Structures are given as C-alpha cells and as structure tokens.
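To start, the structure itself, in structure tokens.
Just so it is clear, none of the values below were taken in a lab; they were calculated from the coordinates. Note that the structure is predicted; figures quoted are calculated from it, not measured. Methodologically, a virtual Cβ is constructed for each residue, glycine included, from the backbone with ideal geometry; neighbour enumeration extends over all protein chains shown.
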Amino acid sequence: MKRVWWVILIIGLLDSCIHAPVIPQQEISFRSDVQPIIAGNCQQSGCHGSTDFQKFPLVTYDDVINNGEIKSGNANHSKLYKVLNGNDDDLMPPSGKLTDKQLYTIEFWIDQGAKNN
C-alpha cells in the first residue's frame with residue numbers, strides 16, 4: 001500500500017512540473033507596468049532613450065515592439081526578453097539584471113499579447 005502512495009506522489013510531482021507557467025489573470029499594462037521598467041533601466045543617458053543612441057531606441061511602444069523584436073504571445077522568442085533575462089549573447093542592462101518581478105512583468109506582458117495599453 002505504501003508503494004502505491006509513493007507512485008501517486010511521484011506522478012503528482014512530475015505532473016506539476018510539466019505545466020506551462022501561470023500567466024496572471026490581471027492584464028499587464030504597457031503604459032503603467034512595462035514602460036516604467038524600460039525607462040528606469042534602459043533609457044539612461046547614452047543608452048536606449050537618449051538622442052545619442054539612435055540604433056535601438058526603446059522610448060515609445062513602437063520602438064519597444066520593433067527594436068525589441070517582440071514576438072507577441074511568446075516572450076521566449078522575443079529579443080528584448082531574452083536580452084533582459086540573460087538568455088542571449090548580450091545581457092542588458094549593463095548595470096545588472098532586472099529583478100525577478102520586473103522580468104516576470106515583461107514576460108507576462110509579452111505572453112498576454114504585448115498590447116499597447
């Protein structure tokens with residue numbers, strides 16, 4: 001009988017590891033949730049918000065979508081998320097990795113469709 005319970009427990013644990021991450025029910029807002037993270041970490045002088053750095057500006061929604069190569073609905077295939085999460089050759093921002101909460105916010109925003117809201 002103990003063996004049956006161990007098998008059930010192991011199957012339950014394995015099953016819980018297979019599920020996709022839970023996306024919060026609350027919609028993440030670009031304007032109030034994502035843009036402040038980008039402004040505070042990516043738009044410093046000489047970086048993606050400055051007029052001196054025209055190659056990849058990240059100032060407007062369109063900048064973030066296009067220059068961040070956002071794949072709406074799929075954060076793991078979006079350049080911005082991969083760079084911020086350290087899953088790319090470059091890690092941004094140079095000052096250090098974002099907090100887990102900031103990364104989750106950007107991930108969930110992209111996974112929810114990367115809306116301009």
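Quick rundown of the values:
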| read-out | value |
| --- | --- |
| Summed residue charge, Cβ within 12 Å of residue 63's Cβ, Lys/Arg positive, Asp/Glu negative | -1 |
| In Hz, Karplus ³J(HN,Hα) per residue of segment 85-96 (6.51, -1.76, 1.60; θ = phi - 60°; x = Gly, Pro) | 8, x, 9, 9, 4, 9, 10, 10, x, x, 6, x |
